[in-house]
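Just below is one structure, and these are the notes that go with it.
The values are calculated or read from the model by the stated rules, or taken from the named source; none is laboratory data. Computed from a predicted structure; not experimentally measured. Cβ placement follows ideal geometry from the backbone for every residue including glycine, while neighbour counts extend to all protein chains displayed. Ligands, DNA and RNA are excluded from the accessible area calculation, which covers all protein heavy atoms including side chains. Shrake-Rupley method; radii C 1.70, N 1.55, O 1.52, S 1.80 Å.
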Amino acid sequence: MMEDAARQQYPAATLYVVATPIGNTADISLRAWHLLGIADAVACEDTRNTAHLLNRFGLSKELIAAHEHNEREAADRLIERLRQGQRIALVSDAGTPAVSDPGARIVDAVRGAGLRVMPLPGASAAIAALSASGLLGDRFHFIGFLPSKARQRETALEGLAALAGTLVLYEAPHRIADAVDALGRVFGPARQVVLARELTKLFEEIHRCTLAEAPAWIAADPNRQKGEYVVLVEGAPAGEDGDDADTDRLLRILLAECPVKQAATLAAQITGQKKNALYERALALKNQAGDAEG
């Protein structure tokens, strides 16, 4: 198989966007391994991490720092070397470069200079989590990292709440509890969420539950606030829109005549939306009406 990889075409004067393992080094592709061996240099997010990775494969290469703080300068250096006919590999610390990782500006600059860019696909945390989630649907929205500040995070989530496809988020371990709390407040407790941590590593966990149950799962084990997360959130129920004006109007009419549970059941039959989500919305509307009367 390595001979097959070696017989393929690896043009000179080309930037190779190389996916590297997200945890398990055995996930390196044969093409990536071969290309890293013949590259003239490797542009990388962290030279120490990449040196360690290359050492695992028995490789030693010139490393060029290309991180979020120097992408413009790094791009100029790489373009000069590509024009000399070199093969340059672009990698991130883990996974596919330029996807919620440094590299996009470099790729843009290289393409803008009229030079060739070739992807060598491989590991991706987002796709790995999505494939094991069991969440149904034919579309997903890759969001990446949410803002770290609470108000900005909730504003961002409010803009995503009506999307019908699965949401794919990245989150740091020290923010996972706050992020899940915010998801529950904005999206409601009934939506399904998949919490995937330490993918492909020894302590990998992929847990699916409702947003109401997620905080307790995280709190149950201190180790669950360690390791990078991919968070997948079920898309909005069919027919949901930004302000749900029609649904709210229907629920208010039903609530005037029925208990909350029955109103939600009837609304689900009429609209095709999920009964659990309608129940939560009906309960909120009933509480709002009670507050207004009080």
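Write down, largest first, the equivalent ellipsoid semi-axes of the chain in whole Å, where each equals the square root of 5 times an eigenvalue of the alpha-carbon gyration tensor. Provide the component values of the computation, followed by the final result.
Details: eigenvalues 440, 72, 57 Å².
The answer is 47, 19, 17 Å, longest axis first.
From the square roots a ≥ b ≥ c of the eigenvalues of the alpha-carbon gyration tensor of the range 1-86, which class results: rounded (a/c under 1.5), prolate (a/b over b/c), or oblate?
Verdict is oblate for the range 1-86.
Give, as a single signed number, the net charge of other residues whose beta carbon lies under 12 Å from the beta carbon of LEU195, with Lys and Arg counted +1 and Asp and Glu -1. Before the final figure, lay out the partial values.
On the way: positive: ARG197, ARG208, ARG224; negative: GLU171, GLU198, GLU204, GLU205, GLU213, ASP221, GLU228.
Charge balance near LEU195 sits at -4.
Send over the per residue convex hull volume for the range 101-158, Cα only, as a whole number of Å³.
156 Å³
Report, for the chain, the % of DSSP beta bridges that are antiparallel, rounded to 5.
45 percent
Please go through the range 164-254 and write out the trypsin sites (Lys or Arg not before Pro) that DSSP classes as loop and that have at most 14 other C-beta atoms within 10 Å.
LYS201, LYS226
Give me the lysines in straight-line cross-link reach of LYS201: C-alpha distance below 23 Å, same-chain residues under 8 apart excluded.
LYS226
Give me the distance between the Cα centres of the range 72-130 and the range 40-58, rounded to whole Å.
14 Å
Just how large is the dipole of the chain about the Cα centre, in debye to the nearest 20, putting +1 at every Lys and Arg Cβ and -1 at every Asp and Glu Cβ?
Here the chain has a charge dipole of around 500 debye.
With a ≥ b ≥ c the root eigenvalues of the C-alpha gyration tensor of the range 50-107, is it rounded (a/c under 1.5), prolate (a/b larger than b/c) or oblate?
Details: a/c = 2.05, a/b = 1.18, b/c = 1.74.
Oblate shape, in that a/c is at least 1.5 and b/c is the bigger or equal ratio.
With all protein chains present, how much of the accessible area of the chain (probe radius 1.4 Å) comes from carbon and sulfur, to the nearest whole percent?
Working: 7610 of 15270 Å².
Carbon and sulfur atoms account for 50 percent of the accessible area of the chain.
Just the accessible area per residue of the chain, please: how many Å² with a 1.4 Å probe?
52 Å²
For the range 157-197, what is the charge dipole size about the Cα centre, in debye to the nearest 20, if Lys and Arg each add +1 at the Cβ and Asp and Glu each add -1 at the Cβ? Mind dumping the intermediate values first?
Values: 4 positive and 4 negative charges, 21 e Å.
The dipole of the range 157-197 has a size of about 100 debye.
Work out, in µm²/s and without decimals, the Stokes-Einstein translational diffusion coefficient of the range 1-152 at 10 °C, 1.306 mPa s, Rh from Kirkwood over C-alpha pairs.
Translational D for this selection: 97 µm²/s.
Please determine, in degrees from 0 to 90 and to the nearest 10, the orientation of helix 275-293 with respect to the longest principal axis defined by the Cα atoms of the chain, where the helix direction is its Cα long axis.
Helix 275-293 and the main axis of the chain meet at about 60 degrees.
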